[in-house]
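The values are calculated or read from the model by the stated rules, or taken from the named source; none is laboratory data. Worth saying up front: this structure is predicted, and the values here are computed from it rather than measured. Cβ sites come from the backbone with ideal geometry, for glycine too, and all protein chains shown count toward neighbours. We work out accessible area using only protein heavy atoms, side chains counted, and drop any ligands, DNA or RNA first. Shrake-Rupley method; radii C 1.70, N 1.55, O 1.52, S 1.80 Å.
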Amino acid sequence: MAFDPQPWAVVEKRLDLDMLAQTESIFALSNGHLGLRGNFDEGEPRGLSGTYLNGFYESYPLAYGESGFGFAEDGQAVVNVTDGKIIRLLVEDEPFDVHRGHLEFHERTLDFRTGILTREVRWRSEAGHGVRVKSERLVSFVDRSVAAIRYEVEALEQPVRVAVQSNLQANPSDQAGVSDPRAGRALGDVLDPILDVEHDLRVVLAHKTKRSQLHFAAGMEHTIECTGDATTLTQCEPDLGRVTISVGLTPGQPLRVTKLLAYHWSAHQSIDWLRDQVDASLEVAGSQGFDELAEHQKDYLDDYWERANIEVDGDPELQQALRFAQFHLLQASARAETRAIPAKGLTGPGYDGHAFWDTEAFVLPILNFTKPDAAKAALMWRHRILPSARERAQQLGLKGAAMPWRTIHGEECSGYWPAGTAAFHVNADIAWAVERYVANTGDEEFERGPGLDLLVESARLWLHLGHWGADGAFHIHGVTGPDEYSALVDDNVYTNLMAAKNLAAAASAATRHRSDAARLDVVPKEVREWHEAAEAIYLPFDERVDVHPQDQDFLTHDLWDFDGTPLEKYPLLLHYPYFELYRQQVVKQADLVLALFLCGERFTLEQKRAAFQYYEALTVRDSSLSACTQSIVAAEVGHTELAYDYLAEAAFMDIHDLEHNVSDGLHIASLAGSVMAAVCGMGGMREYDHKLVFRPRLARALERLAFRMTVRGSLLNIEVRHEEATYELMEGEAITIFHHGEKLALTPGRPVTRPIPEAESLPRPSQPKGREPVRRGSYASGRSGAAAPTVRLSR
């Protein structure tokens, strides 16, 4: 799957029916509340139809061959709700179908600046009647519950009579479930009809889920523009609403139909109220019309790009991929508003629509600097599910709160204990995200309220989960770190260091806000215990090889036989039992290396170099979350060209479908990680002790990197070239930064330029056989013309 490297769009110029499901994810539209997959207007052919509402799910009992106390009881899966995208066309009683007739022209464009998906086709029926069809589709960032489609049909050489059928269809027949555990669950028909009404050109349908008992209503409204006399027919039944429009067309006088959609759902509101909300949203959207909705959409995106744009000179493909990543990151989060940011956003049913720890570790760091209100909203969702996390901790015999490994509503949904509940680091990841949000925004009200609640309850968990050893250190045993090819280990370095950050942040916040901490029954003794545990956290180090082990016993394991592992056996989790993986030195995704990045202040440069080289030889990148982290640390320790290779892999993960599972949705955390790899890797950005530090250095092929970030209301522009970097405060109050150790004071209108020190020459580290990243430049279109590599990964 390849697209011309346009800087502000993804354009499909050739229809490939074998890639339908993949392109449906690529061309998906969302605002964080409502998501529409990029299905064709006519609904068929399709890979996987999809319309999703954030947080709207069906539950199902988790089946165990042998259950145990504390196992998660129910699963949750995102529901494909009523599809309002469908607009079908008959030309002289012959259906417009890309399988039939002659498709003379096809082009789809997703424009990152307008937020509009445009499709243009020229089609000729078997009888020789030619038409031009153009559709424009948007999901509004401004009107949260609204989507709009403008559909235009024009006769080509001769008059034709056409009929346009606009549908609102519930319980689509697609089955998402396959044997791959990463794919979405096949739910079947889970929507029970409650209401179906029609009036003029409007239809509203309402349904509820069978088990979770969630209610939603969906509606469509239409306006018609044409020169002839159009006839209309509106029909409605429990699972289907249809508006049919028929008119005779002459060349140069098109039929234009504007279709407005509105979706509202609730666990508490009545169907009558939800119907009222749908009608109101349709009226508001109708008063604006498509052009005004599109204008507001562009204004919203103009503001976003003004504060978030990344520019890359020297690699047009990478430029496109990074903007693609930023656009979909915005789509996944902009209007989520106290809902989760799912691992696949609202682009597909992958991972059942669950949110994981990678939201806090990869997504929120970017939103902090580009869309801080969205970062806050995501943290407010975590605060909203805090009661469930407290209950979960009690069930596990722990104090504080134990956040779920994967969930939609707040309850733990992982049916596999070692890679689910035991991955307690999710709690520290959330606490770290709270700390970074407050540091980047200065939002004291949040820190005193929801932020303090999250910090305190997670600190209580760590103090109870860990213990003081005979060596005087604080240990945490029986946990699973980010690497899912290890489980139930003692003193995982990443977990320990992130827990220490959590404990220290809770102690600091409780000390600064004593009266607010008192409402949580925090006492001075508890704060002292948090501080002492943070200071005494155990950090294992193996002097035999001068490397930090991933966990206390990791380096005692036998090495995985990489030379004897066929390439077709990757990802390993689909071909080998976890029993084998857990007993050997093989790393699914960056774990210790992630600690080098997020907890970099705890390691010397020499330690980072040694650890990076050691774990490079063990990391197979069977996860989309690994390449971005490896890129960042590779850049820091001096392997700039390797960092570029990993940056490209992270950036192309979805747009080139390197993982071969884009069909069920995009990887939102990996997309965010590619942006992190550009900003924190090539841009060298870090935050240490509330200081903003930059150590930028570019790969040889890149000519320039520029990016923007907002820090406590001040907008910075950073421009990096090979010899120098320029820092400019575009707006806001003066700010202090550091460039390769030099302290710089930035004031508005006075750019500061500093030279970049020459890089030390280091030998390139090795990777497992067959898992080396492709050297950037060997498959970039316009540079070599070779195809992108085949890489099979997991989450």
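Quick look at the numbers
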| item | result |
| --- | --- |
| Mean residue ellipticity (222 nm) of the chain, computed from DSSP H runs ≥ 4 via -39,500 (n - 2.57), nearest 500 | -9000 deg cm²/dmol |
| Förster radius 35 Å - calculated FRET efficiency between E66 and Q235, Cβ distance, rounded to 0.05 | 0.10 |
| Order of exposure, largest accessible area first, which applies to E337, E641 with probe 1.4 Å | E337, E641 |
| Added length on full extension, which subtracts the Cα-Cα distance from 0.36 nm per residue, D303 to E444 | 48.2 nm |
| With all protein chains modelled, accessible area of M676 [1.4 Å, Å²] | 10 |
| GluC sites (Glu not before Pro) restricted to DSSP loop in the range 508-589 with at most 11 other C-beta within 10 Å | E543 |
| Residue among V160, W530, W8 farthest towards the positive dipole end of the chain, charges placed on Cβ | W530 |
| About the Cα centre, charge dipole magnitude for the chain (Lys/Arg +1, Asp/Glu -1 at Cβ), debye | 800 |
| Sulfur and carbon atoms: percent of accessible area, the range 557-621 [1.4 Å] | 54 |
| Computed lengthening from D4 to R704, 0.36 nm per intervening residue step minus Cα-Cα distance | 249.9 nm |
| Of K85/K134; K13/K85; K691/K743; K344/K608; K376/K608, those spanning more than 20 Å from alpha-carbon to alpha-carbon | K13/K85; K344/K608; K376/K608 |
| Pair F579, E126: separation of 7 Å Cα→Cβ label points (nm) | 5.8 |
| Mean accessible surface per residue for the chain, computed with a 1.4 Å probe while every protein chain stays in place, in Å² | 36 |
| Using a Förster distance of 51 Å, the FRET efficiency for D189-A734 (Cβ separation, nearest 0.05) | 0.25 |
| Antiparallel content of DSSP bridges confined to the chain, in %, to 5 | 95 |
| In the range 534-591, trypsin sites (Lys or Arg not before Pro) in a DSSP loop with at most 16 other beta-carbon atoms within 10 Å | R544, R583 |
| Tensor-based shape of the chain (alpha-carbon gyration tensor, a/c under 1.5 rounded, otherwise prolate or oblate) | prolate |
| H464 accessible area, assembled protein chains, probe 1.4 Å, Å² | 80 |
| Order of exposure, largest accessible area first, which applies to R211, R242 with probe 1.4 Å | R211, R242 |
| Between 0 and 90°, nearest 10: helix 626-637 axis offset from the chain longest Cα axis | 50 |
| Exposure ranking of M19, M709 by accessible area [1.4 Å probe, largest first] | M19, M709 |
| Residue among L465, P765, T511 farthest towards the positive dipole end of the chain, charges placed on Cβ | T511 |
| C-alpha long axis of helix 425-441 to longest principal axis of the chain, angle in ° | 80 |
| GluC sites (Glu not before Pro) restricted to the range 107-171 and DSSP loop, no more than 14 other C-beta within 10 Å | E126, E157 |
| Stretch gain in nm, segment I271-E104, where the contour uses 0.36 nm per residue and the Cα spacing is subtracted | 55.5 nm |
| Shape of the range 1-128, Cα gyration tensor, a/c cut at 1.5 | prolate |
| For H207, solvent-accessible area (1.4 Å; no DNA, RNA or ligand), Å² | 0 |
| Inter-site label distance for H199 and E532 at 7 Å from Cα along Cβ, in nm | 6.9 |
| Net +/- balance of residues flanking S212 in space, Cβ distance below 10 Å, scoring K and R +1, D and E -1 | +1 |
